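Taking it in order: structure first as structure tokens, then the write-up.
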Amino acid sequence: MVVGELTEDAVDGLFHALADPTRRDILRRCAADEPSVSRLARAYPMSFAAVQKHVAVLERAGLVTKESRGREQLVRTDVGAVGRARLALDDLESTWRGRVDRMSALLAAGTEPERKTSTIRGTG
């Protein structure tokens, strides 16, 4: 599946990044503000290095960008990447809606698979 500009690997990267609750929270925080990595690290009960790794996963997926400002690394949500993730989900939804619509049409038309019936011969 290629969604717009996204390859399968890019879609996999997006959903891998979004699969972790800490990364989703980081993404929300970065959408509301442009925190530094060190400010983000203070918000979580984990090491600075662990938060840096989460940010790196988000950055590889294209969900955030980092910008150096002085000694700080500011993290910003890439709104375009979030939109691309939505497009990937829309594509999946469209596929499944099409399947459900086809099944509904078959059921409405009354086309059921033939059932084999067995005749029991009795004495009588």
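Every number in this text was worked out from the coordinates using simple rules, so none of it is lab data. The shown structure was predicted, so the numbers you read here are calculated from the model rather than taken from an experiment. No Cβ is skipped: glycine too gets one built from the backbone with ideal geometry, and neighbour counts run over all protein chains shown.
Highest average first, the peptides 40-53, 19-32 ordered by how many other beta carbon atoms sit within 10 Å of their residues are 19-32, 40-53. Taking the radius of gyration and the Kirkwood hydrodynamic radius from Cα positions alone, what is the Rg/Rh ratio for the range 8-81, to two decimal places? Using only Cα positions, Rg/Rh for the range 8-81 is 0.95. Annotation: amide H-H contacts under 5 Å for residue 64 (H modelled 1.01 Å from N, sequence separation of 5 or more, or interchain): 59, 78. The length gained by stretching the chain between residue 38 and residue 91 to full extension, at 0.36 nm per residue less their Cα-Cα distance, is 15.4 nm.
Name the shape class, rounded, prolate or oblate, that the alpha-carbon gyration tensor gives for the range 45-89, where a ≥ b ≥ c are the square roots of its eigenvalues, rounded holds for a/c under 1.5, and otherwise prolate holds if a/b is larger than b/c and oblate otherwise. The shape class here is oblate.
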